[in-house]
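Quick note: the coordinates plus some simple rules give every number you see, no bench work behind them. All figures in this text were calculated on a predicted structure; none of them were measured in a lab. Because the Cβ atoms are built from the backbone with ideal geometry, glycine has one as well, and the counts that use them run over all protein chains shown.
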C-alpha cells in the first residue's frame, strides 16, 4: 500500500444516531426558502447538517427520530419531479482544524475513499470538514483517518471509540437549545475575490481523484475556504462545489487571488485527475462566514438566513451549515448588500470586507 | 515583551477557531485544545496566562478540569473563564450558575459568547 506522511491535526468527532434527507429538483425555482427551510423551521426541527447548491440540491441531517418528519415536510412542498430520499442510520464525522488547507481536506476525502464510504454529503465549516455517512461505516472510516492523520487526544481508533461513551450525567446535562429573540453570531466574516468551482461527477466513488486534485492545489499555495458535495438529481450524479483563494502563510486569513489568475491551473488540475468532467468556474464570488451561531441547537436559523437574503434579492450560490457555523457563497457584487442584511438580521460583529484587487 | 498566552479548551472546533481569531487580532498568543484531557496536557506543557474553558465537553468536562486546577498549588493561580450554556437563551440545560461558582472559576460567560465581552474578560484577568 502506498504510504503517506500522516498529518497532525487537532481532533475528530462523530455525531451519531442521525437521519439524512437528500433532496433535488429539476427546476431552479428558488424553492429553498419556501419549500425547504420554512416548513422545517415551522415544525421546529433542528438540523445538524445542511448543504445547498443552486440548482436546487440539498442534503440535510436531523436526529433519527425526526427523519421521517423532515421527509414528509419536504415532500409536501416538493415539485412533482423532485427527487427526495431518506437515509436513516447516518452519522456525521468531522476532522478539524483544516485551516483551509487543500491537503487536509484532500486527505480526509482520500481516507473516506479508501474506507469505501458512500458519501451522502460533504461540507466545510470555518474550522472543520464534515461528511455524512452510514453509521455502519464509521469504524472503517475512522480507522482510515488514523492511517492518514495523527490526533493529539487519541493514539489509535480503539482509544477514540472507547472515549465516545460519555457518562450518563454528561448526557443529561449536554442538551442545550438556544432560544434568543435575535440569533447571536460570534463573528460574520466576508471574503471577496474567490473563485467558485462547480462540477458534476458520476458518483462519489471517484472522489479519490478529487482528493488528488486538492493535494496538487495545496502545492500551488491555494486555500479552500468553502466546499460542499452532495448527490444530484435522483442520485445519478454527485455535485462538487468549492471555492479557491490564495493562501497567506502564517495567518488564518486568506488573501484573494490578486496576483495572477489561478483559474486555468485549477481547471488543468481538475481535468487531469477527474476524467470526463467539465468544471464550471464562477468568478468573482464572495464568501460570508457566520462563525458559531450554533445552528444545530436552533431550529429555524437556516430559514432566517435564507429568508433575509431572499428578501434582499440576493442569490445564494451555495450554502454549508456544519459543526456550529454557516458558510455561504454569493456573487461578489451582492456582498455589500448581504453584509447589511445579515448585520440587521443577526446580533453579530461584522468585519469589513478586505479590499479587492485593483481597488 | 512577549505576548500573553491564552489557552482555549472547547469541543466545538468552530468556537475555538473564532475565539482564537478574536484574541490573536488583539495581540494574544493562543493555544487550542479540544477536550478536557487535551486541555490538561496543554497546561502541563505551557502554563497559560488565562484559561478559557468550555463546560460541556467529552472525556473531562470543564467543571472537573477547573476543580482540579484550583486544588493544585501549581495551577490554582491560573485565571479561568468558564463558557457556560446557561442563562435566558438556554432554558433546557441543567447546568447552573451555582455549579460554576462552586469550582471557583474567576469568571463565567454564557454561550453564545459575545466577542467583546470575552476579550474584555481576558484583559481584566491579566
- Each label sits 7 Å from Cα toward the beta-carbon; between residue B:117 and residue A:181 the label points are separated, in nm, by 1.6 nm
- Within a 10 angstrom radius of each residue's Cβ in B:15-26, how many Cβ atoms of other chains show up on average? Whole number is fine. 6
- Which order do peptides A:319-331, A:84-96, A:269-281 fall in by mean Cβ count within 10 Å, highest first? A:319-331, A:84-96, A:269-281
- Task: Among DSSP beta bridges whose residues both lie in the protein assembly as shown, state the antiparallel percentage, nearest 5.
- Result: 80 percent
- Likely footprinting exposure, B:74, A:187, fewest C-beta neighbours within 10 Å first: B:74, A:187
- In what sequence do A:195, B:12 fall when counting other Cβ within 10 Å, fewest first? A:195, B:12
- Taking every residue in B:107-114, how many Cβ atoms of other protein chains lie within 10 Å of its Cβ, on average? 4
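Counting each DSSP H run of 4 or more residues in the protein assembly as shown as -39500 (n - 2.57), what helix-only mean residue ellipticity at 222 nm follows after dividing by all residues, to the nearest 500 deg cm²/dmol?
Only helices count here, giving -9000 deg cm²/dmol.
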- Query: Please state the relative contact order of region A:1-109 as a whole percent: Cα pairs under 8 Å, 6+ residues apart?
  - Reply: 42 percent
- Message: With the crude spin-label approximation of a point 7 Å out along Cα→Cβ, what separation in nm comes out for residue A:333 versus residue A:312?
- Response: 1.7 nm
- Note on the structure: Among region B:1-37, those whose backbone N falls under 17 Å of a label point 7 Å along Cα→Cβ from residue B:74 are B:37
- Expressed as a whole number, the average count of other chain Cβ atoms within 10 Å around the Cβ atoms of A:103-109 is 0
- Take the alpha carbon gyration tensor of chain A, find the square roots of its eigenvalues, order them as a ≥ b ≥ c, and report rounded if a/c is under 1.5; if not, report prolate when a/b exceeds b/c, else oblate. rounded
- Item | region A:65-146 - Rg (one decimal) and Dmax (whole number), Cα, Å | 15.1, 44
- In cubic angstrom, how much convex hull volume per residue do the alpha carbon atoms of region A:1-80 span? 164 Å³
- Item | Least to most buried among B:25, A:48, B:71, A:127 (fewest other Cβ within 10 Å first) | B:71, B:25, A:48, A:127
- Query: Highest GNM mean-square fluctuation, chain A, Cα pairs closer than 10 Å: which of A:62, A:283, A:107?
  - Reply: A:283
- Relative contact order, percent, of chain A when contacts are C-alpha pairs under 8 Å separated by at least 6 residues? 23 percent
- How big is D for region B:1-47, in µm² s⁻¹ as a whole number, if Stokes-Einstein is applied with the Kirkwood radius of its Cα pairs at 37 °C and 0.692 mPa s? 303 µm²/s
